[in-house]
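In what follows, a structure is listed as structure tokens, so that the remarks can point back to it.
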Amino acid sequence: MATRGTTGSAFRRLTADPRHYQIAILGGLLVYGLAALDFDITGVRAAATLVTALLTQALCSTLWKTRFDPRSALISGLSLCLLLRTNSMKWVVVAAVVTIASKFILRFRGKHIFNPTNFGIVAMMLATGEVWVSPGQWGNFAFFGFLMACLGGVVVNRAARSDVTIAFIVAYMALVFGRSIYLYEPMTIPIHRLESGALLLFTFFMISDPRTTPDSRAGRMIFAALVAWGAWHITFRMFRTNGLLWALALAAITVPVIDWLLPGSRYNWSRPDIGHSPAAPDHLGHEGGTPNETEALGAYLTRNRSHGLVRPGSGRLLRLLRS
Amino acid sequence: MVWSAQALVAFCGFYVAKVDARLFNQASQVVLVRDGDRTILTMSNDFRGEPKEFAMVVPVPSVLRRDQIQVSDRDLLEHVDAYSAPRLVEYFDPNPCQAPRGRGAGAAGGGGGGGRGGGAAPAAENSLGVKIEAQYTVGEYDILILSAVESTGLETWLRQNGYRIPRGAADVLASYIMQNMKFFVARVNLEQQSRLGFTSLRPIRVEFDSPKFMLPIRLGMVNADGPQELLVYTVTRQGRVETTNYRTVKLPTGMDIPPFVRGRFGEFYKAMFSEQAKRAENRAVFTEYAWDMGFCDPCAANPLSPDELRKLGVFWLADTPAAGPRGQLAAPRQQVFLTRLHVRYDNAHFPEDLVFQQTADRQNYQGRYVLRYPWNGGDSCAAAVTYRQGLPARYEREAQQLADLTGWNIGDIRRWNTDDIRRRMGIAELVR
């Protein structure tokens, strides 16, 4: 009985945080990609990425005097392994450092501005010209797409913020199908475009990151639509590659504005919610959570001091419109 | 010694018959020179019918000027093909009783050439919504640049003007019209052809500025009789090119295979390509070669000379390139990277046009298959005994490797291998 109790509580601890699922799934995808899809990355490079990401997280945690939590760093590291390609070990290491350090350095009101992996990749592409992303590496196997969608669905549902994923994919599908209908293209073309593994990975594992999306549900809807339009425009109007990544990086800059107009509660990994403004900030001070929670509390209090407590769905946007 | 595979060849536009001839649109080769937004596209095909039956329709992003269209040289394409072709290399095992020795490798040469064109004519309008934006005679080709407002009008116009358009073409043409693309239509001017004295059709080269780095393949599938072969050679400044909307896969390379393959390399390569395409569910684009044009190792053919590169449209070469060291095979380093992509495509597996991106990947890759001939000497030192004991396992390993690559029956391979080994041992006995 005692053993069962211990096992049960270990399992509960393991499943309590959606990041454990993410780590397992991203890790599984990496193994699958290396074994079955000939991903252009070696095991050594993957290991170097993960180790560098963890070391950077440890170092930054010391410097910023926060508790070391390897989980987010592992997720960022695994995402880098899945996406970033380069000929040089030097850039592998630099990319991992930039990715993790961006979380600590590029902050606004206690919240990091960019999805770390997204920032790492975009910054490296802009700054070095020595890295690339292969959106075609996943192929278009329908079953694989389906599998990824299911697995990703599990993650985002548990992250309690699947709204951003759903809003994004609905908007993106509407644009891709809309363009094909306008151009008299057969439906096999937009379906082929949407069956892309790169799109699924982005939709379920990157844009869904609850720590970098707007706090309120309405804000996330606007954000998702913005990213979808940007990605579509870059890919199908400007004819450039990696529209998804560029669009997310650009849209991330608008998040502080969206949060200011449509405030909501900051996401907490151990207490997933959809982002209502709370009646009282009791849960934000949850002990043992991520280091950002204290900052989140600070940001929350600051907001309420300067703007007054607001109900979900209302907020400054309404008042701005009224005035 | 080096052997290059027979070109497995195919095309992005479609052939339209002017008479009711059955055309087998099977093999095309395309060179895409690209830097920034500028593309220089050289299109070649293995059309074997009557020249008067040949016609080609290719969507292009803008109305091309006369100076943006040239007739190129078949030798040039053949040289690119030879330089980048998958290759077979041979090694001869040394006498295990002596110190290890080197290996043998050789090279074969390639050629060059030139191309030019003729006059131009003014534009005309049409009630079907088709407008002849430009009209040129270039070399042996009569070329029209058409714009259209709707696809059935274009299809009717082409039919009225003697082009036999395959069924279903209008559906495909429509989306290109909606994207405001123009249509490059070429057919052979028989008078010019006989005057110029060319018996085979020369490749056509066009250039344009467009952010689109793509190749329209959908028209090519309209009158296709089964899957088609397309070889795309991209020449870029920075690095390897890959497709962004399909998986790009490097073919297996560097394997040791039984020496009997020497006499049937073409057959081996076709079988291997088919097997690998099947494993990728016929949805992949295959990289056969990705190499800095400055050199090759081993060389199936010399790298292209700066002059040949310019003829292909490589515009970023220095005007007076620094010559390489005397006697060196390599062309001067000019930041020219060649990628050879091989696609076998049909409608079911390749619903949309190929979209490319240039990567920062400068790692050289080549399709290279190794034949190792065993040592047949009569020495009986301990090393020779061990060596001979190891041979059967090696033969089996090579046979398994070949079966895995090609999907050939392992029993057949073992039999062919045994016959070949016996034949070679017999020759060795005779020599002794």
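The values are calculated or read from the model by the stated rules, or taken from the named source; none is laboratory data. Computed from a predicted model, the values in this text were never measured in an experiment. Using ideal geometry, Cβ is built from the backbone for each residue, glycine included, and neighbour counts are taken over all protein chains shown.
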Checked against (1) touching a residue at least 40 places away in the same chain (Cβ under 8 Å); (2) touching a helix residue (DSSP H, G or I) at 6+ places or on another chain (Cβ under 9 Å), residue B:397 satisfies every condition except (2)
Considering segment B:253-273 alone, what residues qualify as being in contact with a helix residue (DSSP H, G or I) (Cβ under 8 Å, 6 or more places away or on another chain) and not acidic (Asp, Glu)?
-> B:255, B:257, B:258, B:259, B:260, B:261, B:268, B:271, B:272
Residue that is touching a residue at least 40 places away in the same chain (Cβ under 8 Å), within 11 Å of another protein chain (Cβ to nearest Cβ), not in a helix (DSSP H, G or I) and not small (Gly, Ala, Ser), where the choices are A:132, A:91 | A:132
When you go through B:265, B:295 one by one, which is the residue that is of a type outside the set (S, T, N, Q), touching a Pro at 6+ places or on another chain (Cβ under 9 Å), buried (at least 16 other Cβ atoms within 10 Å of the Cβ) and in contact (Cβ under 8 Å) with a residue 40 or more places away in the chain?
-> B:265
Looking across segment A:59-88 at residues that are assigned to a loop (DSSP other than H, G, I, E, B) and away from chain B (no Cβ under 14 Å), the single one that is surrounded by the most Cβ atoms within 10 Å (Cβ to Cβ) is A:69
Residues in segment B:349-388 that are surrounded by 15 or more Cβ atoms within 10 Å (Cβ to Cβ), more than 34 Å from the chain's Cα centre (by Cα) and either within 14 Å of chain A (Cβ to nearest Cβ) or of a type in the set (A, V, I, L, M) (or both): how many?
-> 1
Looking at segment B:136-172, which of its residues are touching a helix residue (DSSP H, G or I) at 6+ places or on another chain (Cβ under 6 Å) and part of a loop (DSSP other than H, G, I, E, B)?
-> B:140, B:165
In segment B:204-223, how many are outside any helix (DSSP H, G or I), crowded, with 20+ Cβ neighbours inside 10 Å and more than 14 Å from chain A (Cβ to nearest Cβ)?
-> 4
Report, by residue number, each residue of segment B:235-252 that is outside any loop (DSSP other than H, G, I, E, B), more than 7 Å from every other protein chain (Cβ to nearest Cβ) and closer than 8 Å to residue B:358 by Cα.
-> B:236, B:241
Strands (runs of 3 or more DSSP E) fully within segment B:36-86 counting 2 or more residues that are hydroxyl-bearing (Ser, Thr, Tyr) and closer than 23 Å to residue B:181 by Cα | B:38-45
Sort through B:379, B:319 and tell me the only one that's among the acidic types (Asp, Glu), modelled with pLDDT under 90 and either closer than 26 Å to residue B:262 by Cα or touching a Pro at 6+ places or on another chain (Cβ under 9 Å) (or both).
-> B:379
Can you find even one residue in segment B:166-185 that is touching a Gly at 6+ places or on another chain (Cβ under 9 Å), of a type in the set (Gly, Ala, Ser) and surrounded by 21 or more Cβ atoms within 10 Å (Cβ to Cβ)?
-> no
